[in-house]
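Novice: Pasting a structure here, questions to come.
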Amino acid sequence: MALNKIPETKLGVISRSFKDLSFNFTQNPTTNDVNILKNEEAIKKSVKNLLLTKYRERLFNPYIGSNITAYLFELSSFIDTASIKDETQYILNTFEPRIVLQNVQVFVDEDNHEYNVQVSYFIIGEPILQVADIVLTREM
Amino acid sequence: MKNTRPLPVTSLDFDDLKSVIQEFVKNQTDFNSYNYLGSNLSMLLDILAYNSQFTAYNINMVANELSLETSTFRDNVVSIAKRLGYQPKTYTSSKVNVTLSSSSVSAYDYVKIYPGTVLSSTNEGKTYLFLTNTVLIATVNNGNASFNNIELKEGQFFDITYIVDYNDENQRFIIPNTYVDSDSITVTVQNIPYTRKKDILNINSNSTIFFVDQIQDQKLEVIFGDNIIGRKLENGETLQIKYIITNGSIANGLRNFSINSNIYGIKNTQETILPGNIFSLTVNSENSYGGSNFESISSIKYNAPRYYSAQNRAVTLDDYEIITRRIYPNIDLIRVIGGESLNPPEYGKVYISIKPTVGEIINNFTRNLILNELRKYTVGSVVPIIISPESINIILFITALFQKSKTTLSEQNIIDLLINAISLYAYSDTIKTFEGTYDNSKLQSELLDTEESISSIIVRPLIKKIIYPNINQECKYSFCLRNKLKNNLEKITFSTPEGFYVNGIAEKVYIVDDNKGNLILKRYIGSKLEPIGVIGNIEYETGCFDFILNISSDTPINIIANPDSTIITAPPNTFLDVSIPGTDGTITIIDRDTYTLSPNDITENIDVPNPILESDSNNNSNTNSNTNLNLTRTIDDLTPEINPLQCN
């Protein structure tokens, strides 16, 4: 499958560095400060957060999120797979401006009632294709 | 460089708070993913902003509850009012003043009523009990016994007993019920009766007194002295609190009572219970009166500061208003006028006009009760006088054009919506006050907003004035509507459409104007309305009218007049009463999808109804009439006398 082109307006943009808080709240042995997530890790965490956020979960911002986890409790079908893919594309294109989405693949693991969502994207300003694997389970 | 300035967290809005925190993080060097919605930091900022908003909201609400103007919880309003020395009104029992007498008790030395239920009355399926809290005794003279002018309170007795225990630091003497009439509370300590006080005047360290305080959840607490202001209770003493639980204002206006058998005949110390039917009952107060409910929050907010400024004495007009409200809580509208402002001035008099919540005027019994209480607060030789207010009814004829295709509501639903909107307007501040103003265009716009499918509303008001006749007495009836009336040469402006009876004429008679300022008495001869005579005058510019008649009907007479303006103002000492269509007036709903309008449907003019012709079978209700006399009377016979008795 051919990769999506990076929009011309975003070509030549130099990627900033991104620093985000790690919710593990573990201590960095060198700085003795809380650990932080940087660049690709920070964006990958953001992608996961967006996919796993349900509608109305964010305070005063009910439209952020997706309905993806609800499909885990449906009978598995190709419609669900397509829906998860659509929702993933919509939410990342809408709420994560730091990436250019390339591809979303959804794999079904019916025996374990799981979906494996594989998201491929470019960070704007960087030529390396990033891949984030997110496993959707009922225990989330 | 790190920004260490404190955050200006002053807003109550989530987005504002979040942007303030974002701005703070922006000036830090540690993190920079704060404005990407998926980032961990963004989620953390959400929680921080929510927490700040939550705290700010709570502080705002708490601060509001500390002030009388802004507090919303009744307990807080009561608490603040108490600091101003104001005790909000609790439920008050309705009272009735009666005389019980019997001529069938010759076998006894005297008759006795024990504390408990004396009368009962049933209204709308509910029974109300009226009781006495003291023993009443009437001696038998010549076989007759009479309990004169006994005052009974509505409700039921309850009591609670406490044992004083100073080991319990938190012991409070709380009455566990709501709906308690605080004036009915009596307290005995070791069987010694204590006196309720409302201030600390004439109290010493040994005074056997108690205070009643309103606490949370509309409950009452009994508070005793501390050996400085009143006697302090000793450890182990037993105290009993007796009180009445009442139905409040709902028991006002009852007229029909039956005697419960709680009356005993005593002969040589032997007591025999007497049947209630050997006693005759006279209700001196006409009906039950004076019951009231918990004082509303808005009323407490209005009264507390004014009561504080009145300082338990009646000097200014506001003092009279606030003290009268305190004496008689059942007041809907009150207006106080100083005699010096009248024309001609009446120095040394204060006129108080009261409209009770039930009915339009207070009875003489209540009037005397209020005056007696009020005199305790008046200064010097000022004489308070209670006068009855006047009222003017406004009857509405409403046509609503709507499109059924634009709504799922039925015609009846729309009528209900309109009636609700009219009720709200009828009880709004501009109407429910002395000298209130009815604004037709305002009501029209409010009715138009009730439902989207209503495309047009036409409201046509008429004025109704009710006259209460003095029966079988030639009287001059006069009133000024103080609103200009229409003077259409082709139609009547002033009419009594239902008619009434006068002495000397068998048929029902009607008053209509002749568009020349005369009020003509008419009657139906067959189906034709024939004049009998001129009985009075009407001024169309001022709406003032007077007429002289000897009326024999014992029913109120409805006078309908057509106002020239759609803004109707009430004269002094008069309030407006907007009738809800159904009893008076009409609401017509027209579906524009299916109905072709005629000019009559949308005209803004309304005619005063013509006298209604009744069937002959109804014409004989006037027992004072004389048919022969009727045939021979002329217009001159009914021409008013000079200086007739001014009755109304």
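Novice: For residues that are more than 14 Å from chain B (Cβ to nearest Cβ), free of Cβ contacts under 8 Å to residues at least 24 places away in the same chain and β-branched (Val, Ile, Thr), tally how many sit in the stretch A:49-85.
Specialist: Of the residues in the stretch A:49-85, 1 are more than 14 Å from chain B (Cβ to nearest Cβ), free of Cβ contacts under 8 Å to residues at least 24 places away in the same chain and β-branched (Val, Ile, Thr).
Novice: Could you please give the count of residues in the stretch B:579-594 that are within 27 Å of the chain's Cα centre (by Cα), among the β-branched types (Val, Ile, Thr) and either assigned to a loop (DSSP other than H, G, I, E, B) or modelled with pLDDT of 90 or more (or both)?
Specialist: The number of residues fulfilling the criteria is 2.
Novice: Here's a follow-up. Answer yes or no as to whether A:Tyr71 is more than 12 Å from the chain's Cα centre (by Cα) and modelled with pLDDT of 90 or more.
Specialist: Taking the combined requirement at face value, the residue does not satisfy it.
Novice: If you go through the stretch B:499-520 one residue at a time, do you hit one that is under 13 Å from B:Asn610 (Cα atoms), part of a loop (DSSP other than H, G, I, E, B) and open to solvent by less than 10 Å² (accessible area, probe 1.4 Å)?
Specialist: Within the stretch B:499-520, none of the residues are under 13 Å from B:Asn610 (Cα atoms), part of a loop (DSSP other than H, G, I, E, B) and open to solvent by less than 10 Å² (accessible area, probe 1.4 Å).
Novice: Could you grab the pairs with beta carbons closer than 6 Å, sequence gap of 6+ or different chains, first residue in the stretch A:11-29 and closer than 21 Å to A:Val47 by Cα and surrounded by 13 or more Cβ atoms within 10 Å (Cβ to Cβ), second one of a type in the set (Lys, Arg) and at pLDDT 80 or above?
Specialist: So the pair list comes out as A:Lys19/A:Lys38.
Novice: Next up: For B:Lys126, which of the numbered conditions (1) touching a strand residue (DSSP E or B) at 6+ places or on another chain (Cβ under 8 Å); (2) assigned by TED's automatic domain parsing to the domain that holds B:Ile273 fails to hold?
Specialist: For B:Lys126, the failing item is (1).
Novice: Sticking with this one: Could you please find all residues in the stretch B:546-578 being in contact with a helix residue (DSSP H, G or I) (Cβ under 7 Å, 6 or more places away or on another chain) and either assigned to a loop (DSSP other than H, G, I, E, B) or of a type in the set (Gly, Ala, Ser) (or both)?
Specialist: Across the stretch B:546-578, the qualifying residue is only B:Thr566.
Novice: Can you pull out the strands (runs of 3 or more DSSP E) entirely within the stretch B:158-244 that have at least 1 residues that are farther than 21 Å from B:Gln87 by Cβ and more than 37 Å from the chain's Cα centre (by Cα)?
Specialist: Fully inside the stretch B:158-244 and qualifying: B:180-189, B:192-196.
Novice: Restricting attention to the stretch B:158-180, and to residues there that are among the polar types (S, T, N, Q) and closer than 20 Å to B:Asp226 by Cα, which single residue is surrounded by the most Cβ atoms within 10 Å (Cβ to Cβ)?
Specialist: My answer is B:Gln171.
Novice: In this structure, is A:Ser46 part of a loop (DSSP other than H, G, I, E, B), open to solvent by less than 70 Å² (accessible area, probe 1.4 Å) and either within 12 Å of chain B (Cβ to nearest Cβ) or over 28 Å from A:Ser17 (Cα atoms) (or both)?
Specialist: Judged against the criteria, A:Ser46 is not a match.
Novice: Among the residues of the stretch B:213-230, is there at least one that is within 16 Å of B:Arg172 (Cβ to Cβ), out of contact with any Cys (no Cβ under 7 Å at 6 or more places or on another chain), exposed (fewer than 13 other Cβ atoms within 10 Å of the Cβ) and not assigned by TED's automatic domain parsing to the domain that holds B:Ser146?
Specialist: yes
Novice: Taking B:Thr72 and the conditions (1) under 30 Å from the mean Cα position of the chain (by Cα); (2) within 14 Å of chain A (Cβ to nearest Cβ), which numbered condition does it fall short on, given that it satisfies the others?
Specialist: Condition (2) is where B:Thr72 drops out.
This table checks each residue for (1) under 27 Å from B:Gln216 (Cβ atoms); (2) without any contact (Cβ under 8 Å) to a residue 40 or more places away in the chain; (3) buried (at least 18 other Cβ atoms within 10 Å of the Cβ).
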{"residue": "B:Ile47", "(1), (2), (3)": "no, yes, no"}
{"residue": "B:Asn51", "(1), (2), (3)": "no, yes, no"}
{"residue": "B:Asn64", "(1), (2), (3)": "yes, yes, no"}
{"residue": "B:Thr70", "(1), (2), (3)": "yes, yes, no"}
{"residue": "B:Val78", "(1), (2), (3)": "yes, no, yes"}
{"residue": "B:Gly85", "(1), (2), (3)": "yes, no, no"}
{"residue": "B:Ser93", "(1), (2), (3)": "yes, no, yes"}
{"residue": "B:Ser103", "(1), (2), (3)": "no, no, no"}
{"residue": "B:Asn141", "(1), (2), (3)": "no, yes, no"}
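Novice: While we're looking at this one, here's another question. Hey, any hits in the stretch A:87-100 for a residue that's away from chain B (no Cβ under 14 Å), surrounded by 12 or more Cβ atoms within 10 Å (Cβ to Cβ), not in a loop (DSSP other than H, G, I, E, B) and not charged (D, E, K, R)?
Specialist: yes
Let's see how each residue does on (1) open to solvent by 60 Å² or more (accessible area, probe 1.4 Å); (2) in a helix (DSSP H, G or I):
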{"site": "B:Phe294", "(1), (2)": "no, no"}
{"site": "B:Asp319", "(1), (2)": "no, yes"}
{"site": "B:Arg325", "(1), (2)": "no, yes"}
{"site": "B:Asp332", "(1), (2)": "no, no"}
{"site": "B:Glu340", "(1), (2)": "yes, yes"}
{"site": "B:Val358", "(1), (2)": "yes, no"}
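Novice: Limited to the stretch B:15-58, what total is found for residues that are of a type in the set (Ser, Thr, Tyr) and at the interface with another protein chain (Cβ under 10 Å from one of its Cβ atoms)?
Specialist: The number of residues fulfilling the criteria is 7.
Novice: Determine if the stretch B:483-493 includes at least one residue that is in contact with a strand residue (DSSP E or B) (Cβ under 8 Å, 6 or more places away or on another chain), open to solvent by less than 10 Å² (accessible area, probe 1.4 Å), farther than 22 Å from B:Phe397 by Cα and of a type in the set (A, V, I, L, M).
Specialist: Within the stretch B:483-493, not a single residue is in contact with a strand residue (DSSP E or B) (Cβ under 8 Å, 6 or more places away or on another chain), open to solvent by less than 10 Å² (accessible area, probe 1.4 Å), farther than 22 Å from B:Phe397 by Cα and of a type in the set (A, V, I, L, M).
Novice: Taking the condition of being hydroxyl-bearing (Ser, Thr, Tyr) and either surrounded by 14 or more Cβ atoms within 10 Å (Cβ to Cβ) or outside any helix (DSSP H, G or I) (or both), how many residues in the stretch B:53-62 meet it?
Specialist: Residues meeting the conditions: 0.
Novice: Does A:Thr88 count as out of contact with any Lys or Arg (no Cβ under 9 Å at 6 or more places or on another chain) and touching a residue at least 24 places away in the same chain (Cβ under 8 Å)?
Specialist: yes
Novice: Which of the numbered conditions does A:Pro127 fail, given that it passes all the others? Conditions: (1) closer than 30 Å to B:Asp13 by Cα; (2) assigned to a loop (DSSP other than H, G, I, E, B); (3) open to solvent by 50 Å² or more (accessible area, probe 1.4 Å).
Specialist: With respect to (1) closer than 30 Å to B:Asp13 by Cα; (2) assigned to a loop (DSSP other than H, G, I, E, B); (3) open to solvent by 50 Å² or more (accessible area, probe 1.4 Å), A:Pro127 is out only on (1).
Novice: Within the group B:Ile352, B:Ile392, B:Ile362, which residue is within 27 Å of B:Arg460 (Cβ to Cβ), within 26 Å of the chain's Cα centre (by Cα) and β-branched (Val, Ile, Thr)?
Specialist: Exactly one residue qualifies, and that residue is B:Ile392.
Novice: Go through (1) part of a strand (DSSP E or B); (2) surrounded by 14 or more Cβ atoms within 10 Å (Cβ to Cβ); (3) of a type outside the set (Ser, Thr, Tyr) for B:Ile137 and report which single condition fails.
Specialist: (2)
Novice: Of the numbered conditions (1) closer than 28 Å to B:Ala426 by Cα; (2) open to solvent by less than 50 Å² (accessible area, probe 1.4 Å), B:Ile370 satisfies every one except a single condition; which is it?
Specialist: Checking B:Ile370 against (1) closer than 28 Å to B:Ala426 by Cα; (2) open to solvent by less than 50 Å² (accessible area, probe 1.4 Å), the one that fails is (1).
The values are calculated or read from the model by the stated rules, or taken from the named source; none is laboratory data. Only a predicted model underlies this, so the values are computations on that prediction, with no experimental measurement involved. With ideal geometry, Cβ positions are generated from the backbone for all residues, glycine too; neighbour counts draw on all protein chains shown. Keep in mind that these areas ignore ligands, DNA and RNA; they rest on the heavy atoms of the full protein, side chains included. Shrake-Rupley method; radii C 1.70, N 1.55, O 1.52, S 1.80 Å.
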